[in-house]
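Report on the following structure.
The values are calculated or read from the model by the stated rules, or taken from the named source; none is laboratory data. Bear in mind the structure is a predicted one, so any value in this text is a computation, not a measurement. Quick reminder, even Gly has a Cβ in these numbers, built from the backbone with ideal geometry, and neighbours come from all protein chains shown.
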Amino acid sequence: MKLQVAPGSTDLSLLLFIPDTSSLVGEGLTGLAYNTGFTAYYVRPGSTALPITLVNQTVTGAHTDGGFVEISATNMPGIYRFDVPDLILAAGVRSVAVMLKGADNMPPIPLEIDLAAEVDATRISDEAATLLNLLVTAVKLAEDGLDAISNELPADPDDYENWNWREGFNWWKQRFVRSSKSLSAFLVRSNNGAPFTTQEVTDNGSGNETLGPPSQAS
């Protein structure tokens, strides 16, 4: 399982499926409890693997670090609740790995948690729009200066190297006020909300992201 949470998150409870390796049809493993012979470890980059103390939990109980409980052997065989200890998710690293293993007929269950910082996109967009409006006012040359520039985006989204100043300015404005980012792409939308350009996002594994050139969004 791979998931993304904000660094410093607390009270994270996960639902895990643990398969039964003795089953030929992929059935879930039932009957596990916090004290039935399996272990849990975690590691943060630059550190050694450390044990997680597993404790008893209930299906609807409040979060308890290391809590573990079977949801329903009859209705949802193989589904378990696992309460991730808060200290594992502390800020300071980009990711953390957790592994549960060791019970009879239980395969290793790896969890990869990406500690990606949350971004308040609404606040950034509002502040960027304000900054751009101040910029237009500050560098206005005359009545036919920047205020007279249209809001048209580049005619050819793929030909970014040949955009003129007006086209580039309007694209950058949209990039601040009407855009979204995923783990793999940065998307800029036109005024009507339609996808306009996309940029590939690559990560070197150390938290440093690189944006590729803009191209027409499909």
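At-a-glance table
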read-out: Qualifying position, being small (Gly, Ala, Ser), within 29 Å of Ser182 (Cα to Cα), free of Cβ contacts under 8 Å to residues at least 24 places away in the same chain and not assigned by TED's automatic domain parsing to the domain that holds Asn204, among Ser72, Ser47; value: Ser47
read-out: Subset of segment 38-57 (residues that are surrounded by 12 or more Cβ atoms within 10 Å (Cβ to Cβ) and among the hydroxyl-bearing types (Ser, Thr, Tyr)); value: Thr39, Tyr41, Tyr42
read-out: Any chance Gly8 is free of Cβ contacts under 8 Å to residues at least 12 places away in the same chain and over 13 Å from Gly67 (Cα atoms); value: no
read-out: Given (1) in contact with a Leu (Cβ under 6 Å, 6 or more places away or on another chain); (2) exposed (fewer than 14 other Cβ atoms within 10 Å of the Cβ), index of the condition Leu3 fails; value: (1)
read-out: Verdict on Leu14 being under 25 Å from the mean Cα position of the chain (by Cα) and either at pLDDT 95 or above or not in a loop (DSSP other than H, G, I, E, B) (or both); value: yes
read-out: Residue check, Ile88 touching a Phe, Trp or Tyr at 6+ places or on another chain (Cβ under 8 Å), in a strand (DSSP E or B) and at pLDDT 95 or above; value: no
read-out: Identity of the residue in segment 23-37, of a type in the set (Ser, Thr, Tyr) and crowded, with 16+ Cβ neighbours inside 10 Å, that ends up farthest from Leu87 (Cα to Cα); value: Thr30
read-out: Options Gly37, Gly8: the member that is in a loop (DSSP other than H, G, I, E, B), in contact with a helix residue (DSSP H, G or I) (Cβ under 7 Å, 6 or more places away or on another chain) and in the same structural domain as Ala97 (by TED's automatic domain parsing); value: Gly8
read-out: Residues satisfying the stated conditions in segment 41-83, i.e. within 28 Å of Arg94 (Cα to Cα), of a type outside the set (S, T, N, Q) and in a loop (DSSP other than H, G, I, E, B); value: Arg44, Pro45, Gly46, Ala49, Ile52, Leu54, Ala62, His63, Asp65, Gly66
read-out: Those residues of segment 75-93 which are surrounded by 14 or more Cβ atoms within 10 Å (Cβ to Cβ) and either over 25 Å from Val25 (Cβ atoms) or free of Cβ contacts under 8 Å to residues at least 60 places away in the same chain (or both), in sequence order; value: Met76, Pro77, Asp83, Val84, Pro85, Asp86, Ile88, Leu89, Ala90, Val93
